[in-house]
Amino acid sequence: MVASPTLRRISVTLEHNPYEVVIGAGGLNRLGEELLAAGIQPGRRILVISNPDVADPYGEVCLQSLQQQGFNADLLVIDAGEDRKTPATVASIHDAAFEHRLDRSSLMLALGGGVVGDMTGFAAATWLRGIRVIQVPTTLLAMVDAAIGGKTGVNHPGGKNLIGAFHQPSLVMIDPDTLSTLPVREFRAGMAEVIKYGILGDDELFQSLEEGPAPDSAAGLGSDRLETILERSAAAKARVVAADEREGGLRAVLNYGHTFGHVVETLCGYGTWLHGEAVAIGMVAVGQLALNRGSWTAKDAKRQKQLIQRCGLPNAWPDLDPYAVLHTLQGDKKVKDGRLRFVLPTAIGHVEIRDNINRDEILRCLDQLQG
């Protein structure tokens, strides 16, 4: 990989422990330098956690970049499918932390997709009551969403990410070059989160995805357009996180498409659908719910569905028992005082949070989706 002459920088301006999201081709080679710039002293122990598909092409590059700047870095390779996102896998990271004598000045570094990032972040949050973590995402979905914002966790048989903690990273390093080895299906899954940011508050981003080359592969987008998408998406996430770090209110908008999406993941079985694919299906579903309530127009609902299709993402609701769906929804993290909150679109670029949606509305929506 060739280092880019410039790196794009986005500040996540938290009251405590602010950090930067750094974006640039060849950034993995400059990882050690960026840790020093973030105030992390050489000599620190760093446990790099990755999965086989990522560690093979990028593990040694990562270790060399860290070691060249004086860090004491070791690599732990774990299985990281969605079905392995469990407390047992986190325990294996804790075992490695003990073996490598990580103390309170040490760090964990996630090199991989959202599953690796979530588990590494949670392991760091719970090792010695919390040590620093660095996020180096290698999937589009992790780059634009999972690696930014400090939400960490693992799945429970009853639902996705029910066990977790808020634990902000000290640095997020995004190297678009790592997407060259990402399977096309994984890239398309990440585009679901990019579409989400367009719906939430960036109608220009949404329109650019509609009008430019089909955004269904990294190569098809081109390097400049890809970095712009990464920058705008990361900046959108950073703004929301800075305004509401621990999801007290505004940050809930980031769950757009996720309420129904998590149901799809839970009831279909983790791994049947990639997270981004489930979110895409969830966005179509909540779009139908909003259409039924008159929250947005049929034209905007159609635009969303067409863009999801254009990105090569699924949009059809699976054959699920509607009462099982209702039961799963009630176990969602977003239930508050017994009321389920939905993020509903009102236009391309605008959403609202509603907790007054009754079960009959949901059942009608599900019937329409399966019809």
Original post:
Could we say that Leu209 is assigned by TED's automatic domain parsing to the domain that holds Gly257, hydrophobic (A, V, I, L, M, F, W, C), part of a helix (DSSP H, G or I) and within 23 Å of Ala25 (Cα to Cα) here?
Top reply: yes
When restricted to Gly130, Gly159, Gly150, the only residue surrounded by fewer than 21 Cβ atoms within 10 Å (Cβ to Cβ) and under 28 Å from Pro345 (Cβ atoms) is Gly159
Of the listed residues (Ala110, Ala124, Ala88, Ala97), the one being surrounded by fewer than 24 Cβ atoms within 10 Å (Cβ to Cβ) and either within 22 Å of Tyr58 (Cα to Cα) or among the acidic types (Asp, Glu) (or both) is Ala97
Inset, instruction - Answer yes if at least one residue in the range 87-96 is under 15 Å from Pro52 (Cα atoms), touching an Asp or Glu at 6+ places or on another chain (Cβ under 6 Å) and among the hydroxyl-bearing types (Ser, Thr, Tyr), and no otherwise. - result: no
Contact list, first residue from the range 275-294 and outside the structural domain of Val144 (by TED's automatic domain parsing) and over 10 Å from Asn315 (Cβ atoms), second anywhere and assigned to a helix (DSSP H, G or I) and among the β-branched types (Val, Ile, Thr), beta-carbon distance below 6 Å, six or more apart or interchain, is Ala278/Val264
Across the range 168-198, the tally of residues that are buried (at least 22 other Cβ atoms within 10 Å of the Cβ), under 19 Å from Glu245 (Cβ atoms) and outside the structural domain of His275 (by TED's automatic domain parsing) stands at 4
In the range 229-256, anything touching a Leu at 6+ places or on another chain (Cβ under 9 Å), at negative phi and not in a helix (DSSP H, G or I) is listed as Asp244, Glu245, Tyr256
Asn72 passes all but one of the listed conditions (1) within 15 Å of Gln135 (Cα to Cα); (2) surrounded by fewer than 20 Cβ atoms within 10 Å (Cβ to Cβ); (3) not β-branched (Val, Ile, Thr); the exception is number (1)
Taking the range 58-91 and keeping only residues that are under 17 Å from Val136 (Cα atoms) and in a helix (DSSP H, G or I), one is left with Tyr58, Gly59, Glu60, Val61, Cys62, Leu63, Gln64, Ser65, Leu66, Gln67
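The values are calculated or read from the model by the stated rules, or taken from the named source; none is laboratory data. Bear in mind the structure is a predicted one, so any value in this text is a computation, not a measurement. A quick note on method: Cβ atoms are made from the backbone with ideal geometry, for glycine too, and the neighbour counts reach across all protein chains shown.
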